[in-house]
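For reference, the structure discussed in these notes is given below.
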Amino acid sequence: MRPFFILFFFLIPILSFSQYDITGKVMNEKEPIPFANVILTQEDGNIVNGGITDEDGNFSITAKKGNYKLIISFIGYVDMNQDIELFDTINLGTITLTDSTTSLDEVVIKTTKKVIERKPDRLIFNVENSIAASGGDAMDALRVAPGIALQNNAITMIGRGESRVMIDGRLLQLSGEELVDFLASIAADDIKKIEIITNPPAQYEAAGNGGLINIVYKRGARNSWKNNTSLAYNQNKYQFTTLRNNFFYNKNRLRFSLSTNGTLGNRREDEEIDVLYPDGQWLSDANVKARRDNISGRLSIDYDITEKTTIGAQYLGNYSTPDYDILANTQIFNATNQIDSTLINNSFSGRSINSHLYNVHMTTKLDTLDRKISFDLDYFDYDNKLKQNDLVNSFSPNGDFIGINLQSQNLGNQRIDNVSFKVDVEHPFSNININYGGKISFIKTINDLQNLTIQSAAPLFNPNSSNEFEYTEKIQAAYINGSKKIGDHWEFQAGLRLENTDTEGFSKTLNQKNTNQYLKLFPTAYISYQKNDNHTFSFNYGKRINRPSFRNLNPFRIYINSNAFSEGNPFLQPSFTDNFEFNHTYKGKLTTNAFLNIRSDGFGTIFSADEETEVQSIIRENYYTNYNWGIGEIYSFDTLSWWKSQNQIYLLGSKTVVDDNVVGVPQNGTQLYFATNNTFSLSKNTKLQANFWYRSPSKFVLFDISESYSFDLAIKHSMFKDKLQLSLALNDIFDKANDGKLTSIVNNVETVYAQNYSTRFARISISYSFGNSKIKNKQRNFGNDEERRRSN
């Protein structure tokens, strides 16, 4: 019951302030008016408080008891003046503004959003304002997002660990390579912003040690339609070309969008594994030509049945064929450091991936007090078919053929099905805003691997190397979250999320079943204090869970060659992380950030080698407790009209305690991270972007990690009133973003792993937009806008 007392403790101060809320909603005759000015004055005209309406026309301001005048205004409308006698919380309901008789045919009010914005619980990367992401996909956008690292098929927050990814607030049940393939099918030009949520509130999923990354799609402006077509050519060692089209329609009660994307071409991927035995070393490297052919699409529709109720649906589909041509070479040395033999693997991996994400939702307002309830039903299916041919030949030091080390064919089929239903309620009271809700999720995955041994005759099915593994997971969750802004200085928020998880893994081949059940409570708490316009302080705490991926739970062994294999562990348990974070913002430009993450029962990959048998294995275990901390500064510079800059510098530290059952050497130490993102206005229509980041050598758990860095340049030129845009991007010019090495010592054998999924390329893209622009385009951005808690 302790977390409930924590929640009560944070809400006690609400009752001790004699401040009262004035709320309402501002509309014209047909729709809400966002960004309208709301000002509360005393009888002598002095301003007491003020604000603006949100995207739905709602506003909320506070004041002490007294007599006031409320003034609501927006360009093109007649001002509304109303006398207010305030002695308790007041909801004014719907306030309708009438058109001014001198309204203009077209009013366009624009301010430029910052590429990066800081909020109390998240960092916002406005992708639509980033030149470097133009013409790319979601992975390209994440590569230039602040504080995000992409390496070894993992998406992580700097210093915090692996993150989970959401699309419009809906969690993707994918990780690793599957997640990377899925995100590569999403156009960066379709993305409005990326929310980097280090410590998510209770209404979000509790999964992900490294917080949540929410990818928010663009939406069309009100009373308009727009079409955008873009073509991008990317040149690396290989090349690939992408064609995209996006259509948005937003008129009266109907909002509709359709996006289609297609990519053809290849990319380079290299891997190295060096195993340093005392009596000789094994040096392996693989050169991979990875195919990037895919076609994807997104359809979204929302319709206002009444003024209070909206229904909608969304579909996201992807078909891709990420085939791999692999040439791997392994040199085997003896104790005198002379080559004994060489293994050469010529293999082809053909894959076919289909994925579909379906969503239907409804939102209805219960009354004029802004009580709201929303329902979401989601279905996600993922189908990955694999056909891989391996031929490993052994050669003598002088190149003579010795024999076949391994020859086989693997046929695999992985399928993931996920159904979930959730309900969310926004329930404001006079003294506190309460959100509560629940979610039920069912996941089933099937991994079917058939191994065929290639002999002189037809391929022969090998039951000892084949496997069928089924895994099911059921999660029931409920949450409650309370928030309150007290006066102009204090804001409190606290929440609790309860999750019950049941899992079952069954290997038909091994006739092995493993079950697990756990009920966990995840508290969150936030305190924000704005001393004045120059200083804002905030502190937050949250508990997170990280569940093993489906692939890591599969106990079957997959052999790389006759001496190397990889296997999962059905006994893996989830790990838990306690996150503490402090922020101080000075004048909205300089932010100091400090955090501490404590991860218990951590699990991960161990590169293990036996010096006697020379068998190399890649295994997964729960084996460590980790203390991760960081302190850093984020500085925004926009004093000069022609130069805007966002800069980050962090000092990070890690300490790991390894369990006794793992004979490994923990790696403890510090790391320096620095990043700068700069946009230069060369002219009214031409902008140059230069980005650079650097990560010093670091140590984490069992791994000593080498340095990595990236330098990017991009230039964008707009013509015909921004309808035609040309851009040229040079990404990761020195090819060092994914060139790090991971060194570990397990069982007294040193292993060095390196992966370079090259992100160095030159991209040329052209984009053309057309549509109905003769509308009242009410787009404004203020540095102190309150971030909406839900993105959908």
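The values are calculated or read from the model by the stated rules, or taken from the named source; none is laboratory data. Computed from a predicted structure; not experimentally measured. In this analysis, Cβ positions are derived from the backbone assuming ideal geometry, glycine residues included, and neighbour counts consider all displayed protein chains.
Inspect all residues belonging to the range 316-327 and state whether any of them is surrounded by 18 or more Cβ atoms within 10 Å (Cβ to Cβ), over 28 Å from the mean Cα position of the chain (by Cα), touching a residue at least 12 places away in the same chain (Cβ under 8 Å) and in the same structural domain as residue 448 (by TED's automatic domain parsing). For the range 316-327, residues surrounded by 18 or more Cβ atoms within 10 Å (Cβ to Cβ), over 28 Å from the mean Cα position of the chain (by Cα), touching a residue at least 12 places away in the same chain (Cβ under 8 Å) and in the same structural domain as residue 448 (by TED's automatic domain parsing): present. Residue-level analysis places residue 577 outside the set of residues that are touching a His at 6+ places or on another chain (Cβ under 8 Å) and assigned to a strand (DSSP E or B). Listed by position, the strands (runs of 3 or more DSSP E) contained in the range 698-761 that have at least 3 residues being among the polar types (S, T, N, Q) are 708-719, 724-731, 749-756.
For (1) under 26 Å from the mean Cα position of the chain (by Cα); (2) over 21 Å from residue 587 (Cα atoms); (3) outside the structural domain of residue 713 (by TED's automatic domain parsing); (4) among the β-branched types (Val, Ile, Thr), each residue gets a yes or a no:
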residue	(1), (2), (3), (4)
619	no, yes, no, yes
645	yes, no, no, no
649	yes, no, no, yes
658	no, yes, no, yes
669	no, yes, no, no
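Annotation note: Cβ proximity below 9 Å between a residue of the range 76-100 that is surrounded by fewer than 12 Cβ atoms within 10 Å (Cβ to Cβ) and a residue that is among the aromatic types (Phe, Trp, Tyr) (sequence gap 6+ or interchain) occurs for 83/68; 85/68; 87/20; 88/20; 98/77; 99/77. Looking across the range 206-256, the residues that are crowded, with 22+ Cβ neighbours inside 10 Å and outside any strand (DSSP E or B) come down to 206, 208, 209, 210, 211.
Checking each residue in the range 408-467 for being among the aliphatic types (A, V, I, L, M) and either in the same structural domain as residue 24 (by TED's automatic domain parsing) or not in a strand (DSSP E or B) (or both) picks out 432, 454, 457, 458. Restricting attention to the range 771-778, does a residue exist that is in a strand (DSSP E or B) and in contact with a strand residue (DSSP E or B) (Cβ under 6 Å, 6 or more places away or on another chain)? Yes: one or more hits. Among the conditions (1) of a type outside the set (Ser, Thr, Tyr); (2) in contact (Cβ under 8 Å) with a residue 40 or more places away in the chain; (3) farther than 30 Å from residue 621 by Cα, residue 704 misses just one, which is (3).
Candidates 383, 376, 367: the one that is out of contact with any Pro (no Cβ under 8 Å at 6 or more places or on another chain), in a strand (DSSP E or B) and without any contact (Cβ under 8 Å) to a residue 60 or more places away in the chain is 383. For the range 86-104, taking the residues that are among the small types (Gly, Ala, Ser) and over 39 Å from the mean Cα position of the chain (by Cα), the one that is modelled with the highest pLDDT is identified as 100.
Picking from residues in the range 105-131 that are surrounded by 12 or more Cβ atoms within 10 Å (Cβ to Cβ) and of a type in the set (Lys, Arg), the one that is modelled with the highest pLDDT is 122.
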